[in-house]
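Contents: one structure, followed by commentary.
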Amino acid sequence: MSERATIEFIDLKAQRRHIGQAMEDAILKVVRDGNYILGAQVAEFEKGLAAFCGAKHAIGVANGTDALILVLEALGIGPGDAVICPSFTFAATAEVVAWMGATPVFAEIDEATYNLDPKGLAAALDTARQHKLTPRALISVDLFGQACDYDPIEAFCKQNGLVLIADSAQGYGARYKGRVAGAIGDFATTSFFPAKPLGCYGDGGAILTDSDEHAALLMSLRFHGKGSYKYDNVRVGVNSRLDTIQAAVLIEKLKVYAEEIEKRQAVAGRYTAALKDIAVTPHVMPDCVSTWAQYTIRVPAARRDAFQAALKEKGVPTTVYYPKPLHQQTAYRHFPVAGNGLPVSERVAQEVVSLPMHPYLDEETQGYIIAAVREALAAPAAAVA
């Protein structure tokens, strides 16, 4: 491995080389213009982001967590309210609910896609009511880059008067039956954390919606609750604005985003073809396209640590998203869990492991990764334990 270049889990430097001088020029223009907060590039990027997915409005904010918080704030969700969400996700999904004083109710996931299982939503709703809570919203998560199965989820929300908030931090731009994640749900939120499929060079996030009223409210809330101008505060808001430099970065990255999603399909296809006989490889629903934020396989729980160690020995990085569901974590274990528990969430958390994935993963390097994976999984359990 000493003769081989370091394998990156997500190679942002390769993306930078692909974009070229345009990125430096875009950043330098912001520096020279001096409009660092809500400069012209922010509005330009918001327009492009909305157009890419087909949403009417995009509101840039400081990060993906703030995007979720501001939506909940705009809806007036607070104490006594329940928000249904998955447990197999990053903490921010439920964190924002608790932050508002509301109660997250954890629902089960589908074992094939790792997204919310529509068949488990009724149990979550019943659990919320059993706890004397008022169900107000549902936060779906487009985990690992694949959009949730939104047809039944949307029908469930409509039937039960729930606002659908699509957390598309990993899946912005994914395709679902002719629609694009970002324009699905009453609101969609996304993160531009550098490792995301569409990431900036720091923190950043956005909210997307078709509601004129909510878009205006959110633009006020992100800027201290301002009214007609910044010293006319008509409501209590926060300071959560997308930096102009980050917007400039994202304008350039959005130009190549469709191309990068296509490249990710090729990388994922090579992985699946080579590994489907030896590991549980990702399942993409019919008429859907994932952004492949992660390429996640499943291996026997008892062998995962040794499997990762064997790959590390060969210079292949791996990561586990996520080793412990939220309902088992100290900060969230007191919140309600749907039905009789979440056995699927608990089981897959012990088995998932993600391999290097980015649009610029060349076939030779990927071939080396695949060979290392196959060797580690083919070895007898005792040999890798």
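Quick notes on this one:
- Alpha-carbon geometry of segment 106-151: the Rg and the Dmax are 11.4, 34 Å, given in that order.
- Of the whole protein surface, CYS288 contributes about 20 Å² of accessible area at a 1.4 Å probe radius.
- Whether segment 165-238 is rounded, prolate or oblate, judged on the alpha carbon gyration tensor where a/c under 1.5 counts as rounded: oblate
- A DSSP coil position with no more than 12 other Cβ atoms inside 10 Å describes the following chymotrypsin sites (Phe, Trp or Tyr not before Pro) in segment 1-60: TYR36.
- Projected onto its three principal axes, the C-alpha set of segment 117-213 covers 44, 30, 28 Å, listed from the longest axis down.
- The chain: DSSP helices with Cα axial extent of at least 20 Å and average Kyte-Doolittle hydropathy no lower than -1.0: 40-53, 257-275, 363-378
- The charge dipole of segment 222-332, taken about the Cα centre with unit charges on the Cβ atoms of Lys, Arg (+1) and Asp, Glu (-1), comes to about 280 debye, rounded to the nearest 20.
- Share of carbon and sulfur in the accessible area of segment 121-223 stands at 51%, probe radius 1.4 Å.
- Ordered from highest to lowest accessible area with the whole protein assembly present and a 1.4 Å probe, THR318, THR6, THR244 read as THR6, THR318, THR244.
- Over segment 233-385, the alpha carbon radius of gyration divided by the compact-protein estimate 2.2 N^0.38 Å works out to 1.31.
- Sorted on the mean count of surrounding Cβ atoms within 10 Å across their residues, most packed first, peptides 81-90, 176-185 read 81-90, 176-185.
- Per DSSP, loop GluC sites (Glu not before Pro) in segment 1-43 with at most 11 further Cβ within 10 Å: GLU3
- Phi-derived couplings, Karplus 6.51 cos²θ - 1.76 cosθ + 1.60 at θ = phi - 60°, listed residue by residue for segment 276-281: 5, 8, 10, 8, 7, 9 Hz, with x used for Gly and Pro.
- Across LYS158/LYS255; LYS196/LYS312; LYS47/LYS263; LYS119/LYS276; LYS132/LYS196, pairs whose alpha-carbon gap is larger than 30 Å: LYS158/LYS255; LYS132/LYS196
- Segment 47-139, dipole about Cα centre (Lys/Arg Cβ +1, Asp/Glu Cβ -1), debye to the nearest 20: 340
- Pairs of Cα atoms farther than 22 Å apart, segment 66-164, %: 21
- Between the beta carbons of LYS119 and GLU262, assuming R0 = 45 Å, the FRET efficiency works out to 0.90 to the nearest 0.05.
- Over segment 1-74, volume per residue of the alpha carbon convex hull, in Å³: 165
- Counting only protein heavy atoms and a 1.4 Å probe, the chain has 42 square angstrom of accessible area per residue.
- Label assignment, Cα extents along the principal axes in Å derived from the structure, set (1) 69, 53, 36; (2) 66, 48, 35; (3) 67, 58, 37: (3)
The values are calculated or read from the model by the stated rules, or taken from the named source; none is laboratory data. Note that the structure is a prediction, hence the values are computed from the model and not measured. When we count neighbours, we look across all protein chains shown, and the Cβ atoms used for this are built from the backbone with ideal geometry, even at glycine. SASA here: full protein model, heavy atoms, side chains in, ligands and nucleic acids out. Shrake-Rupley method; radii C 1.70, N 1.55, O 1.52, S 1.80 Å.
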